[in-house]
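To start, the structure under review is shown below, and the notes come after it.
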Amino acid sequence: MNILCWLQEHTPLELAHHQAHCPYCQARHAAAQRVFALFEGVEAPSSTRTYDELLLLLPRTQTPRRALVWQLPALGVALACGVGSAFYFSRPVAVKQPTKVVALRPNLKNNSALPAISQRQHGVNVVMPKETKPATGYKHKLPRPALTPREMPISIVEQDDLLYLNPPLAAPELKQREEALRRSVAGGDDFITVALPAIAATDKGVGTALEAAQKEQAIVDARLVRTMTLAIKAQPFSQLCEQLTKETGITFTANPRVADDEVTLYCTARPLREIMRQLAKHFGFEWRRTGQEPQFSYELTQSLSRQLLEESLRQQDRDALLVKIEEELRAFQKLLELSPEQRKTRREQLQEKMSKDRAAFNEYLRLGWLDQGAETVLPKFLQLSPDELGRIRSGQPYEWDLMPGGVISPALQRQVKEAFQNPFGGGELPQRDRGPITSLQGRLLLEKKEDAWTLRGYLQTNQGGIGLPLATAPTLANAAIDNAARNKALAKDPALQKLVSLSIAASCTLKHHSFPEFDEFTEGPKIIEADALAALHKATGQDIIGDQFLRLSIPVSVEKKSIFQALCTVGDSLRLHWGKSEGWLTFRTPDYYAARPQEIPQRLRERWSVTKRKNGSLTIHELAEMGSLPVAALNSAHVAQAMIARYGLDEWPLIRAEQARPHWSLLNQLTPEQREAAASEAGLAYSALRPKLRGAFEALLQLPTERPNPPTFRDSRLWVLRGAKAEKVLPNPGVVFTYRYDDPAIYNAWSPFNGISGMHEAMYQQRFSK
């Protein structure tokens, strides 16, 4: 039987590849239906189910009434190829013991190209070994060119659970970056994988371990074939894993690296394997299997290489912003060559054009900024060394002396005079009775906000100061969103043509509060991404997965539009990218990698909100805990709005104010008993602090450097005042940190927004008597 020889002489990988690209074999798919009938209780193959999944439906052990002419793995090859007639595989053979059903495992060690295909005028034959000949008349239509195993689809090459659940990165850029990181990180997975086979040749113990690892990798867990219907709305992965464990009986856990990340997922009758795969693929996570068969456990985590990959992408975005800022500053260089009279003439010419021409408007602003002080500080940025530029990049201010030796050049004196007296921008105008300028400093600061990075320049003299924006670069969070252009290939997708209508109801309302804020707030009803995805799933019936961050948006509605148009409308309004992957609608925040460090765990938000609703206010312990959050979370305006609107935490501005953060940091390092003492009338004694915290106490006094005598701390204390007591010390403070030092006592009081220092005992007590 030549067909038998043909099957025996080719590897499973070659056969799987041949079946995937041979039109003749694909046409014989119907004949394979008869082969499946040999298995009791196995349904016929469908377009949405793979052969591996059909094999998994079989019991782990069974005694078939009809067996095959050779071992069952060879039958799996025949099924994949779909060639030959059913009678070749239907002769009964006695079976002495139950047969264990396993899935096809192609050998991937040989990475060479598949055998060449000989071409003829009316068809082609598969090239066979010299000692065998193909069956007579066994001709195929011309197949696609041969592919190497690396280029073949993963669904054909790899079939075991972990490889299916943990797909490779989809974006080409991510693939390239991951490979670069793997090469650069010593001790990575690739290093161990490559080295083990060479050691195993001389070390029996290592060889045994390698063989065990290969067997472990080839395991298939039949429990993951079951279908599930899920409705997960803005839940952390820790809760999702608990729900999966409860509904399936399989142990699922989330590693602390990913436990607090949130997901929104809606699906109907999806195999658990597909759900797990989509979670890993969408978020860049992976599933790890532990335990013994058949009671395996699964942990969702993020590998170190993926963490390094995310950080490299964040750094790439930051570097791109700096490049944009430098490009914008280059536009100033030509203007620097103009004299003051030429600048004035040019500004007058631009006044007529700037209302219609954006470029003319930007040039008009730059000319004004040059006269306002940019002429003095701008050249310094273009001359910074790599170390100095790195300092600015890290968010630290860069300062330099413009009057070395107390001498100022005539040209610089003219620039400073014009900057402070220029009506184009607001500066503190020097008064004649203040005397001559005795000090002059320049300062550069990179202000990092979610929507844009801004390089600001400052001039500071003994008579006043002035600051202005030199250049601004919008971040990915503020980049233009055009989902229609992004998903142009899906515009005619039949599954997205149905007409739908939806109206997303507001889930919270944002209102202004009494405390000062540092970002512009837009009051009114708001929604979050999860609200929109829930409405889309209800209206379209499509399976949906998306990330979830603390970002508020205006409610959006769609009236009788196709699903494609509805997805574009919602995505553009909420500033989300949507796509389609393996039958799922996917939603992604454009600046996903930058948004992750800004998030606050849901467990903390819920606990603070419950305390606020129960007691009417937060205790000093919750406030100190908030103050210890990462800087990225405190700086986020999106997070601030959500904390106020969705969780009712009006105290959030008191926490995120930069002036208050060192004080909250000190409180967070105290014991609960010490925090209670600081909030009492007696206050917290300086002597009760450990040495490290005493240093922080002294630094927060903010004493002048020219103080003649060092302060004394014999009876020093700290008070944290709130409510009516705080308002007697400072206007509208929210909270006041009062430090007492020296003998006789002196008081320094600081709030998140203002402060006063150097108050004597009588002055301080007088404020409480009002």
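The values are calculated or read from the model by the stated rules, or taken from the named source; none is laboratory data. What you see is a predicted model; the values in this text were computed from it and never measured. We place every Cβ from the backbone using ideal geometry, glycine too, and count neighbours over all the protein chains shown. Quick note on the areas: whole protein, heavy atoms, side chains included, nothing else; ligands and nucleic acids left out. Shrake-Rupley method; radii C 1.70, N 1.55, O 1.52, S 1.80 Å.
Summary of values
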{"quantity": "Rough spin-label spacing in nm, given labels placed 7 Å along Cα→Cβ, for S557 and E761", "calculated": "6.8"}
{"quantity": "Förster-model FRET efficiency, 45 Å R0, F521 and R223, C-beta, rounded to 0.05", "calculated": "0.35"}
{"quantity": "The stretch 528-585 and the stretch 611-688: distance between their alpha carbon centers, rounded to Å", "calculated": "36"}
{"quantity": "Separation of the N478 and L304 label points, Cα + 7 Å toward Cβ, nm", "calculated": "3.8"}
{"quantity": "Label-zone membership for the stretch 284-303, site R603, 7 angstrom Cα→C-beta point, backbone N under 12 Å", "calculated": "none"}
{"quantity": "Fully extended contour minus Cα-Cα distance, from K498 to E311, at 0.36 nm per residue", "calculated": "63.3 nm"}
{"quantity": "Three semi-axes of the equivalent ellipsoid, the stretch 223-280, Cα gyration tensor, whole Å, largest first", "calculated": "17, 13, 10"}
{"quantity": "Using a Förster distance of 30 Å, the FRET efficiency for R257-D451 (Cβ separation, nearest 0.05)", "calculated": "0.60"}
{"quantity": "Net length gained if the chain between R288 and S581 were fully extended (0.36 nm per residue, minus Cα distance)", "calculated": "103.2 nm"}
{"quantity": "Accessible solvent surface per residue of the stretch 490-644, calculated while the other protein chains remain in place, 1.4 angstrom probe, Å²", "calculated": "41"}
{"quantity": "Residue (of T376, F332, Q396) at the positive-pole extreme of the stretch 330-416, dipole from beta-carbon charges", "calculated": "F332"}
{"quantity": "Reduced Cα scattering model of the stretch 250-337, Debye log10 I(q)/I(0), q = 0.16, 0.20, 0.25 Å⁻¹", "calculated": "-0.78, -1.02, -1.27"}
{"quantity": "Estimated FRET transfer efficiency when R0 is 56 angstrom, pair R330-K614 (beta carbons, to 0.05)", "calculated": "0.50"}
{"quantity": "Residue-level accessible surface for V610, protein heavy atoms, 1.4 Å, Å²", "calculated": "70"}
{"quantity": "Kirkwood Rh in Å, taken over the stretch 439-535 so that all alpha-carbon pairs contribute", "calculated": "18.7"}
